[in-house]
Structures are given as structure tokens and as C-alpha cells.
1. Can you give me the % of accessible surface on the range 195-293 that is carbon or sulfur? Probe 1.4 Å, all protein chains present, nothing else counted.
2. At q = 0.13, 0.23 Å⁻¹, what log₁₀ I(q)/I(0) does a Debye calculation on the Cα points of the range 196-295 give, no solvent, two decimals?
3. Between the range 106-169 and the range 213-254, what's the alpha-carbon centroid distance in Å?
4. Could you order peptides 277-288, 99-110 by the average number of other Cβ atoms within 10 Å of their residues, highest first?
5. Can you tell which of Thr269, Thr216, Thr249 lies farthest toward the positive end of the dipole of the range 195-293, using +1 and -1 charges on the Cβ of basic and acidic side chains (Lys, Arg; Asp, Glu)?
6. When the Cα atoms of the range 77-173 are enclosed in a convex hull and the volume is divided per residue, what value in Å³ results?
7. Amide H neighbours of Gln283 under 5 Å, counting only residues 5+ apart in sequence or on other chains, H built in-plane at 1.01 Å?
8. What's the magnitude of the charge dipole for the range 197-244 around its Cα centre, counting Lys and Arg as +1 and Asp and Glu as -1 at the beta-carbon? Answer in Debye, nearest 20.
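The values are calculated or read from the model by the stated rules, or taken from the named source; none is laboratory data. These numbers come from a predicted model, not from an experiment. Here the Cβ positions follow ideal geometry from the backbone for every residue, glycine too, while neighbour counts run over all protein chains shown. Ligands, DNA and RNA are excluded from the accessible area calculation, which covers all protein heavy atoms including side chains. Shrake-Rupley method; radii C 1.70, N 1.55, O 1.52, S 1.80 Å.
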Amino acid sequence: MAVLGSPVRVTLLLVLIFCLTIHSTNNCCTTTSEQAQTEPCNRFCNNGGTPFGSRCICTPHFTGLCCDIANSEGCPTVVIYGSTTVQVSMMTSYTMTGDIHEGRPVYYSSATCYFLYYMGDRNQQWWVGQQVGNDVGFVYVRDNHLFAEEIIGTFLLWDGRQWIEDSIVQIACSDDVPAGVVVSQPESGTTDCPRVRLQGDATYQPSRMTTYTRTTQTSGGRPVYISDRDSRDFLFYVDDHKQWVVGPTIGQHLGRAYVNDCAMTPDQTRPVWHLLDGSRQWQFVPSVHATCIGSDGSGGSGATIINNYTSVNVKAMIRERQLHADVKMDLDTFPRVVKALEEIKKALYNPQETHEAMVATFNYIDKNGDGFLSTDELKAGMASVVGMELSSEAIAELIRLADYNMDGQIDIAEFVKMVTSFF
């Protein structure tokens, strides 16, 4: 004993011998604050885990054979917000899918069809992208926090040419989103619409402009609807193509009408439908849209807007315009105009659609074909395409707000900016 030294050293030696003995029987000696794994992990431990023989000792936040499973639950829905100019469509809500990637939950946005996920190892980054596990996307942040709402790093946004740091962009649990942030959500939830009506210009597919009733089937994680007019027609989602389709074969993208939108139910899609004409050519028909009519035939679709149309982005845009033009709105007109802007984006802007689609919408509204939208044309377009009746006063204010060159009408560039950049 004199060789070993103090009784403390003797105790440590005995503990070490005990642990080695336990290790030889395929167990692990740990403290109460550590979680030991009892299966081989090839010495590769995730999320700060420490190899111990053929097993891992995990940190308190993780468990699993290789420390790849989070212990706590985290916020089920988070919101990315802040940018008003770059990657505006990605400023939306993301909900946990239930999947885990590299020890972090995977989130999904039904508004954009994009995922929010973690890329560990050398990257230690959270990404917004179309495919989980790829460091290819439009938004990312260097941060290794366990849950998305805990992220504190500076976001980088792709502007089409380079990555731009934007310290204004933030992420928060949906319950903690600051006052003034608008997050569009369906009133009916994800699968609560029992019947939908597809309506609009019936020139190309009159028999498909009808009502559809939800069935017990699903396709791509969305409900399948059957036509009330022709039982051979179905309205369903095709996950591979991110489309809602009207056609005879569930799951196939070949049909008579479709819309590029990954919404959870048809009434949440924006009216950018394509219809097959008599020459078997696809025609873009902006007036076609789906609405929830409920089991009793009543309407029931819309958007939940936080804090009554006081969107930070819209207010900032209005302030900017007021600095450069005589744009002064009273308190009664302001909510109507902001609501109009929100409905325009909801109806016309889809990040998967091309610039040509927006040009086609502009041309559809521009009845006289002069390349400008007048007050009457915009008013009629708001009613037929967006589905919103506005007074002449509100239309005039809307035009003044979007009319950057102040010529009293909206050209194609101003129209595209109004659809894509106001949010």
C-alpha cells in the first residue's frame, strides 16, 4: 500500500478495476448524469458523445446507440422571419416531421415544400433546402443547437449570385414570434376540409370545375378527393412532382388539371392552375382556384393573420414608399390595402412558378393589352383572380403604393415586385 500512496489512489484504482470488469461483460460504468449505451457503435459517437470501448457515453441531451437521438421534445413549429428583400418566401413556418437527421429534428414547410434540417460533422449548420442532408439550399446558419428555436447564429441568404449575411433574420418558436410578424396558415388546419370546389374559367375543362369530396385514401401524405360529378376523376397530391392533380389515376401526375403547390389540402393552394385544352396543350388559367366549402356547402378557407395585418414587412414597405411619394393612408384604408397585398401574394406568388407564369397572370388582367394595369383592370383582377372585392378608393391606394415611377398605373416590373417583394 505504501507504493500506491494515499487511500484516495487506492479507491480510484479499485473503481477502475471494477469498471474494466463490467466492461468485459458488455456493460458500461457511468455516472448518473451520463447515459451509457449497451450495443457496439464502432467508436463513432455523435453530438459530443465519448467512445468507451465499443459503446458511447452520451451527453445529457442525447441517447441512442451512437448518441443520435434527442432526449427533449423542442418546439413543434418554428418561424423564420425578418428578410424583406432576399428569400422572402422562405420567411415562413416550419413544422417537425418526426424524423431525425444527424441528431436534430427535421422540419417541413407546406408553404414552400422545403425542409429545415441540420448538417453536422464539419459543417455544423442548419439549412433550408429541398432535400434533407444536402448542403444545397437558399438559407443556412452556422449553429449547432439541438432545436431550431435555439439558433442564435447569423443567417446567410442566397441572392442568386452570392451568400448575404442578414443579422435581421431570426428564428423563434411559433408561440414566441414577435408582434407584427404575419404567418399565413389555413383556417381549416391540415386535413379538416371535407369538400372543396374547383372553380374559375371553365373554357378548357368544364367538367372538372365542380366539387370534390374527401375519401379515406391518401396520396403523398395528403387526402384524396373524388369528383361529385364524375366518379372517375380524383383530386390528389403527387409528391414526386409537388403537384395537386385532377386525374383518373391516384398518384400519377398525368391528368387534366394541376397546380404546382405542396399545400396540405387543395383549398390552401394558390390559383396558378394549368388546364389541358382541346389540342392537349397546357394553358395557364389564373382565375381557377380551389376553396373549402365544408360538408354543408358553406365556405371555410382563409388565412390566420397575426395582429391584424400589421406585418413588419408591409409596414416597412409602406414607410419606404411614403418617403419617396405622396402615399398617405388613413387608419381605415391601411388594413384593407395590407390585406389586399397579403391576398395578392397568397393567390399569385408560388416560389415554384416561373417568371413567365407571373407575366401570364399580368397579361390576363391587362385586358386591353397595353402593358399597364389601370384602376379598373386591377379592380377586376382582384375580384376574378384573387377573389377579393375592393373599393375604388382601396384600389387607388394600392396602385399608388406599387407605382414606383408614379405614372398612375402598374407596369409588369411593378406588378412582379408587388407579388414577390412586399412580404
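1. Values: 1690 of 4020 Å².
For the range 195-293, the apolar C and S fraction of the accessible surface comes to 42 percent.
2. Result of the Debye calculation: -0.36, -1.28.
3. Between the Cα centre of the range 106-169 and that of the range 213-254, the gap is 32 Å.
4. Working: 277-288: 15.0, 99-110: 20.2.
Packing proxy ranking, top to bottom: 99-110, 277-288.
5. Farthest towards the positive end: Thr216.
6. Details: hull volume 8.3 nm³, N = 97.
It comes to 86 Å³ per residue, whole-number rounded.
7. Correct list: Leu275, Leu276, Asp277.
8. Working: 7 positive and 6 negative charges, 23 e Å.
About 120 debye.
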